[in-house]
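Some notes on the structure that comes next.
The values are calculated or read from the model by the stated rules, or taken from the named source; none is laboratory data. On a predicted model such as this, the values are computed, not experimentally measured, just so you know. When we count neighbours, we look across all protein chains shown, and the Cβ atoms used for this are built from the backbone with ideal geometry, even at glycine.
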Amino acid sequence: MSKEVAVSQKLQTNSKRKMAIAKRLIYLNMSVYLLMSIGELIVGHFSHAMVLVADGKNNVTGVMSSILLLVGLHFSSLPRDTMHQEGHWQYETIAVFLTGIIMDLVGLNCLWSAGRSIAAIIIGRASQIRIIAAYAAAISGTLMLVISHINHLIGVRAHDSSLIASARDSLSDALTSYGTMLAILLAYWLRINWFDGLSTFILGLYIIINGNQILSTSAEKLSNGFNPKLQSQIWHFIDQFDDVIHTDYVNGRFTGDNIIIEAEIMVDNRLTTADSYRLCKAIEGEIQTHLPVLYCCIQVRPNALESKK
């Protein structure tokens, strides 16, 4: 078994191990999000707090995204077949993309609710917010902080970027809930009914912005986009080898969170086939040491072709 294949298999094994850990945490996250969203939606309607209802809808997106990620992780862990030689890693990215779409739709719904709330105030049909809504938002924020801390600790230990990103999302949701609590308290203490609608509108915009960021990142991966900074980093790894005269091109793309690289290098035409092969393997090993590369395809071009032009 060659070193390149062993490294690739190690990467796939590590990816599947991370998926197993992620699945367990997703079940935990989904349970907490479900309880919080139900509680906030019920209390929000009962206490006439539209911003709490909007926060509950935001947590509903957490439930939906958890379900989508579970489905995506299930298909991503399937072994390679004749139709998917590189594996099924893209299913996870598709699940994230769909999550972004759901967040945008929920954000638009919050904007619509905010507009209706402000319209009700204008025509004199507004209801006074009840203080219980602030307690519900505070409990939601505290639970989200706990979830964020758990995801971050396990994500760092497992070196799983998706769990670390999930921890940041949970922290963002916690801050959103605390912001909701402050908005409710201000509207309650100062008797400013329109502040509830304004806070709902701001929260809707916040959900849409986050959804668009998720859409942009996942769409970039699905459309074979590749970060130029990451491309330059790979270029640097290749150019540091003395036998490489020139790097003609470096192309990269993602399959899930794993990277596939294609490159062409110019070498001395006196280099034997065996030496060229060892050089390619050394380059592959160097890149795979620093990045989650599934495999590299490096083409060798002798510099003698240049002199014939």
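For the reader, a short list of remarks on this structure follows.
- Boolean, residue 218 is touching a residue at least 60 places away in the same chain (Cβ under 8 Å), surrounded by 14 or more Cβ atoms within 10 Å (Cβ to Cβ), more than 21 Å from residue 111 (Cα to Cα) and among the polar types (S, T, N, Q): yes
- Among the residues of this structure, residue 117 does not count as one that is out of contact with any Gly (no Cβ under 6 Å at 6 or more places or on another chain) and at pLDDT below 85.
- Residue 237 being of a type in the set (Phe, Trp, Tyr), farther than 29 Å from residue 121 by Cβ and in contact (Cβ under 8 Å) with a residue 40 or more places away in the chain: yes
- Test: residue in region 273-290 that is at pLDDT 85 or above and assigned to a loop (DSSP other than H, G, I, E, B): no
- Residue 247 being polar (S, T, N, Q), surrounded by 15 or more Cβ atoms within 10 Å (Cβ to Cβ) and assigned to a strand (DSSP E or B): yes
- Of all the listed residues (196, 173), the sole one being farther than 30 Å from residue 247 by Cβ, in the same structural domain as residue 111 (by TED's automatic domain parsing), within 23 Å of the chain's Cα centre (by Cα) and touching a residue at least 60 places away in the same chain (Cβ under 8 Å) is 173.
Per-residue answers, yes or no, for (1) more than 21 Å from residue 35 (Cα to Cα); (2) modelled with pLDDT of 85 or more:
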| site | (1), (2) |
| --- | --- |
| 82 | yes, no |
| 89 | yes, no |
| 98 | yes, yes |
| 103 | no, no |
| 113 | yes, no |
| 134 | no, yes |
| 138 | no, yes |
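- Pair list, Cβ under 7 Å, 6 or more apart: region 68-89 residue within 17 Å of residue 222 (Cα to Cα) and outside the structural domain of residue 218 (by TED's automatic domain parsing), other residue outside any loop (DSSP other than H, G, I, E, B) and modelled with pLDDT of 75 or more: none
- Exactly one residue among 180, 200 is over 20 Å from residue 101 (Cβ atoms), buried (at least 18 other Cβ atoms within 10 Å of the Cβ) and in contact with a Cys (Cβ under 7 Å, 6 or more places away or on another chain), and that residue is 200.
- Matching residues, region 20-79, being of a type in the set (Ser, Thr, Tyr) and surrounded by fewer than 15 Cβ atoms within 10 Å (Cβ to Cβ): 27, 31
- Meets criteria (surrounded by 14 or more Cβ atoms within 10 Å (Cβ to Cβ), closer than 30 Å to residue 54 by Cα, of a type in the set (A, V, I, L, M, F, W, C) and touching a Ser or Thr at 6+ places or on another chain (Cβ under 9 Å)) for residue 185: no
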